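The values are calculated or read from the model by the stated rules, or taken from the named source; none is laboratory data. Keep in mind that this is a model prediction, so the values were computed, not measured. Quick reminder, even Gly has a Cβ in these numbers, built from the backbone with ideal geometry, and neighbours come from all protein chains shown. Surface areas here come from the heavy atoms of the whole protein model, side chains and all, with no ligands, DNA or RNA. Shrake-Rupley method; radii C 1.70, N 1.55, O 1.52, S 1.80 Å.
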Amino acid sequence: MLLLVSDMNHIKKRILSHVGLHLNQKLKDLNAMMQDLHEASKNETKSTAGDKHETSKAMMHLEQEKLGNQVKEIEFQLKEFNAVNFDTHSNQVVVGSLVETNLGYFFIATAIGKIQIDNLFVFAISNKSPLGSKFLGLKPNDSIEFNNLNYTIISVM
């Protein structure tokens, strides 16, 4: 499905909104889970079976660490995402580009995977991912091979 430049601009704005909302919602959900876990650990009462209590406490602590790491990762993704100047127009792929290839559309900024905007599927990938880093600097008509697939750049927005 080839898009006109005006359609690509509209789609890119919708993608930006979708990605921003997705990351903020994920952060909100993780923070709520952290709060729930914190409340659960405060309400944990020492049982007569001390070993069972200590095991439960240790499991909660591990879960808190895991969630804490996920929160840090999403905060980092949001910081990087918010630092990108998405209004910059370039004839080559840069961070923030919407890239049309012969094999689909790719939004190069942060990794959230496949998203649907109207009837268009777009893969939101990080510029640091193996495929995202190969796209950087390419221009229309440039090609790369990745995982035995040939990607040809059709347009960059």
When only residues in segment 111-157 that are in a loop (DSSP other than H, G, I, E, B), at pLDDT 95 or above and among the aliphatic types (A, V, I, L, M) count, which is least open to solvent (accessible area, probe 1.4 Å)?
Leu138
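Taking the conditions exactly as written (without any contact (Cβ under 8 Å) to a residue 60 or more places away in the chain, of a type outside the set (Lys, Arg) and not in a helix (DSSP H, G or I)), does Phe76 satisfy them or not?
Values: without any contact (Cβ under 8 Å) to a residue 60 or more places away in the chain: yes; of a type outside the set (Lys, Arg): yes; not in a helix (DSSP H, G or I): no.
No: the conditions fail for Phe76.
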Filter pass, Asp87 being among the acidic types (Asp, Glu), loosely packed, with under 14 Cβ neighbours inside 10 Å and over 16 Å from the mean Cα position of the chain (by Cα)
yes
Does Ile108 satisfy being part of a helix (DSSP H, G or I) and either touching a Leu at 6+ places or on another chain (Cβ under 8 Å) or within 21 Å of Asn9 (Cβ to Cβ) (or both)?
no
Six or more apart or on different chains, Cβ atoms under 9 Å: show the pairs whose first residue is in segment 122-151 and more than 22 Å from Ile11 (Cα to Cα) and of a type in the set (A, V, I, L, M) and whose second is open to solvent by 50 Å² or more (accessible area, probe 1.4 Å) and not in a loop (DSSP other than H, G, I, E, B).
Ile144/Lys134; Ile144/Asn150
